[in-house]
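Computed from the coordinates by the stated procedures, all read-outs in this text should not be read as laboratory data. Keep in mind it's a predicted model, so treat the numbers as computed, not measured. Backbone-built Cβ (ideal geometry, glycine too); neighbour counts: all protein chains shown.
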Amino acid sequence: MKQLSGRITSPIKVLNLTPLVRFELTVSTGQKINCLIHQHALNFLALADQNSRIAVYGHPNARHQFVVTKFMVQANSRLANFSHSA
């Protein structure tokens with residue numbers, strides 16, 4: 001499993017209602033990576049937005065896209081007001 005961290009630099013797009021989500025991650029070196037999330041995509045949509053700083057874990061697929069299996073979103077003003085109860 002590979003780890004990447006950086007900033008979301010494109011609008012987050014829902015590709016499929018399965019759900020499948022796509023976004024572009026720009027890492028600290030300036031490299032732009034296309035990322036896909038299937039597992040926990042709805043949680044990702046609730047927590048992340050464009051320009052959010054995130055760390056992702058996953059693997060590349062045959063089309064050289066990064067398939068995310070785990071993610072962490074750095075807290076921002078939007079998340080400060082977000083509450084989650086178990």
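Brief remarks follow.
- Calculated mean residue ellipticity, 222 nm, the chain: -2500 deg cm²/dmol, from DSSP H runs (n ≥ 4) at -39500 (n - 2.57) each, averaged per residue and rounded to 500.
- On the beta carbon distance between His64 and Arg7, with R0 = 22 Å, the FRET formula returns roughly 0.65.
- The chain: most fluctuating residue of Thr18, Thr29, Thr69 per GNM, C-alpha cutoff 10 Å: Thr29
- Cα-centre dipole for the chain with unit charges at Cβ (Lys and Arg positive, Asp and Glu negative), debye to 20: 140 debye
- Residue among Leu42, Leu25, Leu15 with the largest mean-square fluctuation in a Gaussian network model of the chain, springs linking Cα atoms under 10 Å: Leu15
- The relative contact order of the stretch 2-77, computed from alpha carbon pairs under 8 Å that lie at least 6 residues apart in sequence, is 31 percent.
- Per residue, the convex hull spanned by the Cα atoms of the chain amounts to 102 cubic angstrom.
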